[in-house]
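In what follows, a structure is listed as structure tokens, so that the remarks can point back to it.
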Amino acid sequence: MKIPRPIEAELTVQRSRFYALLSPATTDAQAKALLAERRRKKRKACHHCWACRWPDERGSVFEQARDDGEVGRPGLKLLEVLRRHDLEGVLVVSRVFGGVKLGPGGVGRAFAQVGEAAASKL
């Protein structure tokens, strides 16, 4: 299912803020432009993890994910959210560190939770 419009969600976990943006995109250039815009808007964020998914010209599905140096494989968690909801587009989550280390498991869960919150608004 193509994402019809940009959708945002927020989550706070032990003082860290997670900001999700689920947005339509069909090319790598559109995804990178969206990520650059997000980096400008969320300047205090330490990490901007993302995943994207859309059909390619051969009829298969192009998928990509990036962790941006964050622990817990959050890019893969975001890609799993897109797969689970069969969404085509980009999911970007920006994290503003709150001073409490969540560990790899906690970070991965938080990214997945805020991604799910955005997807559930469809």
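Structure data summary
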item: Flag if SER60 is small (Gly, Ala, Ser) and modelled with pLDDT of 95 or more; result: no
item: Check on TRP54, of a type in the set (Phe, Trp, Tyr), under 12 Å from the mean Cα position of the chain (by Cα) and not in a helix (DSSP H, G or I); result: no
item: Any hit, the range 57-64, residues being part of a strand (DSSP E or B), aromatic (Phe, Trp, Tyr) and buried (at least 18 other Cβ atoms within 10 Å of the Cβ); result: no
item: Check on ARG17, modelled with pLDDT of 95 or more, among the basic types (Lys, Arg) and either farther than 18 Å from ARG73 by Cα or part of a helix (DSSP H, G or I) (or both); result: no
item: Search result, residues across the range 65-83 that are buried (at least 16 other Cβ atoms within 10 Å of the Cβ) and at positive phi; result: ASP68, GLY72, ARG73
item: Residue count for the range 89-122, restricted to those that are in contact (Cβ under 8 Å) with a residue 60 or more places away in the chain, assigned to a helix (DSSP H, G or I) and more than 21 Å from CYS46 (Cβ to Cβ); result: 1
item: Residue under evaluation ASP86, criteria (1) of a type in the set (D, E, K, R); (2) surrounded by fewer than 16 Cβ atoms within 10 Å (Cβ to Cβ); (3) in a helix (DSSP H, G or I), criterion not met; result: (3)
item: Within the range 1-40, considering residues that are in contact (Cβ under 8 Å) with a residue 12 or more places away in the chain and small (Gly, Ala, Ser), the one nearest to ALA65 (Cα to Cα); result: ALA31
item: Qualifying residue in the range 28-50 (condition: hydrophobic (A, V, I, L, M, F, W, C), surrounded by 19 or more Cβ atoms within 10 Å (Cβ to Cβ), in contact with a strand residue (DSSP E or B) (Cβ under 7 Å, 6 or more places away or on another chain) and in a strand (DSSP E or B)); result: yes
item: Number of positions in the range 62-109 that are farther than 25 Å from ARG5 by Cβ and not β-branched (Val, Ile, Thr); result: 17
item: Residue that is farthest from ASP56 (Cα to Cα) [pool: residues in the range 7-27 that are under 15 Å from the mean Cα position of the chain (by Cα) and among the charged types (D, E, K, R)]; result: ARG17
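The values are calculated or read from the model by the stated rules, or taken from the named source; none is laboratory data. Please read these numbers as outputs of a predicted model, since none were measured by experiment. Glycine also receives a Cβ, built like all others from the backbone with ideal geometry; neighbour counts cover every protein chain displayed.
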